[in-house]
Amino acid sequence: MAALNSLSSEEMENLWLITEDKQRIKLKDLIKTQDQVVQELTAGASEFICILRGATGKAQQIGSNHKIPLTSGGKYGNSQKFDLFIPASFVEKNDRNIQNIENALIYCYGVPIKNYYGCKIDVYSITHQILVLRKFEQKLT
């Protein structure tokens, strides 16, 4: 994920990748907004790999798990609810990095799913799955 920061827009446009599921795809086609991902999941798409581009909010503890909601509205134009989800068995491994991805514009590599609670990507390793593009200052109220 860290290598994405060093790519030019031309390289992003023309670079081909082979994903974990053995599909050959252009990098630019792998990058999707949360609305695009939700639309594909709602249309009944089977599992697919993507790089989600979105803005995160503050992490929330849900039992022994952590949920990091993506924002909706604003200048990035995402209107659909979407969460990053860190399962309980991976919280300790990621605990030191959770604050680093809060209130940030990020890329997240993973397999999105839709379940009873909504749409999400499970995060097993913040270091390997998430790239912070820009941090936002948190406004104190």
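Listing for the model above:
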read-out: Cβ-based net charge around Pro69, under 14 Å, with every Lys or Arg adding one and every Asp or Glu removing one; value: +2
read-out: In nm, spacing of pseudo-spin labels at Tyr117 and Ala45 (7 Å Cα→C-beta vector); value: 2.2 nm
read-out: Given charges at beta-carbon only (K, R positive; D, E negative), |dipole| of the chain in Debye; value: 320 debye
read-out: Reported label for calculated percent of Cα pairs over 24 Å apart given (1) 29; (2) 39; (3) 51; value: (1)
read-out: Neighbour cut-off at most 13 other Cβ (10 Å), DSSP loop, GluC sites (Glu not before Pro), the range 1-86; value: Glu20, Glu47
read-out: Net lengthening on full extension, Leu15/Thr127 (0.36 nm per residue, minus Cα-Cα); value: 38.1 nm
read-out: Pairwise label distance in nanometres, Glu92 with Leu105, each label 7 Å out on the Cα-Cβ vector; value: 3.7 nm
read-out: For the chain: lysine pairs under 13 Å (alpha-carbon distance), excluding those fewer than 8 apart on one chain; value: 7
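Where a number appears in this text, it was derived from the coordinates with a stated rule and is not lab data. Note that this is a predicted model, so its numbers are computed, not measured. Cβ sites come from the backbone with ideal geometry, for glycine too, and all protein chains shown count toward neighbours.
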